[in-house]
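The values are calculated or read from the model by the stated rules, or taken from the named source; none is laboratory data. Values in this document were obtained by computation on a predicted structure and should not be read as measured data. Note that we place each Cβ from the backbone using ideal geometry, even for glycine, and neighbour counts take in every protein chain shown.
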Ligand SMILES: Nc1ncnc2c1ncn2[C@@H]1O[C@H](COP(=O)(O)OP(=O)(O)O)[C@@H](O)[C@H]1O
Ligand SMILES: [Mg+2]
């Protein structure tokens, strides 16, 4: 949680969850964090609501553009998220009906969960195997711990693939097989 506070203190952007305040718990050894409440749920759940899990082009552009701009901002601040996935992108408000062709919902999406973030070029203490396997780049799988924007860009590619085609570029129930697929670029 301290890492999360460290990252969020550096970031102020409409596409990133806002940190309001934090303070030590009076009796337990934990840090209490107050942050913006995002009422619309995870992008993962939203994605599942579309027919064949494919977002119509207007909604895709509307959502993906926001994710790109938020990540560009993070990278400009030398913050590498390292755990970009559909579950760590939240909708700011509930969308009653998913939009059809030619329309977009107008919903805002925000990045959360900076708990394993890395500093650009940094290596220390960053969990190399944390994050979700489906979105993990080959170099991270091979144990390279250096934080570079490329790690997040790979995950972005996986998200784009999912939102456009309705499935992940690399998937397998067996994590070992999934790792092999990612390493061999066997889409
Ligand atoms: N600011 C928030 N507003 C609403 N829901 C949130 C918020 N932050 C996290 N959540 C929900 O809690 C889940 C877990 O939080 P997260 O920060 O991703 O921690 P972790 O994945 O490390 O357990 C998120 O995927 C999301 O569903
Ligand atoms: Mg998370």
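Is it true that some residue in region 108-131 is more than 24 Å from residue 169 (Cα to Cα), at pLDDT 95 or above and more than 14 Å from ligand 2 (Cβ to nearest atom)? The answer is yes, given that some residue of region 108-131 is more than 24 Å from residue 169 (Cα to Cα), at pLDDT 95 or above and more than 14 Å from ligand 2 (Cβ to nearest atom).
Here is a yes/no grid of residues against (1) touching a helix residue (DSSP H, G or I) at 6+ places or on another chain (Cβ under 9 Å); (2) more than 20 Å from residue 120 (Cβ to Cβ); (3) within 16 Å of ligand 1 (Cβ to nearest atom):
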position	(1), (2), (3)
65	no, yes, no
74	yes, no, yes
78	yes, no, no
82	yes, no, yes
87	yes, yes, yes
90	yes, yes, yes
94	no, yes, yes
102	yes, yes, no
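Out of 54, 10, 78, I need the residue that is touching a strand residue (DSSP E or B) at 6+ places or on another chain (Cβ under 8 Å) and closer than 18 Å to residue 156 by Cβ. Which one?
After ruling out the rest, the residue left standing is 78.
Hey, any hits in region 85-103 for a residue that's under 23 Å from residue 133 (Cβ atoms) and away from ligand 2 (no atom under 16 Å from the Cβ)? Looking for residues that are under 23 Å from residue 133 (Cβ atoms) and away from ligand 2 (no atom under 16 Å from the Cβ), one finds none in region 85-103, hence no. Across region 10-26, the qualifying residues are those that are assigned to a loop (DSSP other than H, G, I, E, B) and either within 17 Å of the chain's Cα centre (by Cα) or surrounded by 12 or more Cβ atoms within 10 Å (Cβ to Cβ) (or both), and the one among them that is nearest to ligand 2 (Cβ to nearest atom) is 17. So is residue 5 assigned to a strand (DSSP E or B) and without any contact (Cβ under 8 Å) to a residue 40 or more places away in the chain or not? Criteria not met by residue 5.
Across region 144-170, the number of residues qualifying as within 18 Å of residue 185 (Cβ to Cβ) and either exposed (fewer than 14 other Cβ atoms within 10 Å of the Cβ) or within 17 Å of the chain's Cα centre (by Cα) (or both) comes to 17. Residue 29 - would you say it is away from ligand 2 (no atom under 16 Å from the Cβ) and either touching a strand residue (DSSP E or B) at 6+ places or on another chain (Cβ under 8 Å) or farther than 23 Å from residue 162 by Cβ (or both)? Yes: the conditions hold for residue 29.
Whether a residue is within 16 Å of ligand 2 (Cβ to nearest atom) and either in contact with a helix residue (DSSP H, G or I) (Cβ under 6 Å, 6 or more places away or on another chain) or modelled with pLDDT under 95 (or both) was assessed, and residue 177 does not pass this test. Contact map, region 41-60: first residue surrounded by fewer than 17 Cβ atoms within 10 Å (Cβ to Cβ), second residue at pLDDT 95 or above and part of a helix (DSSP H, G or I), Cβ cut-off under 6 Å, separation 6 or more or different chains; pairs are 44/86; 44/87; 53/47; 60/163.
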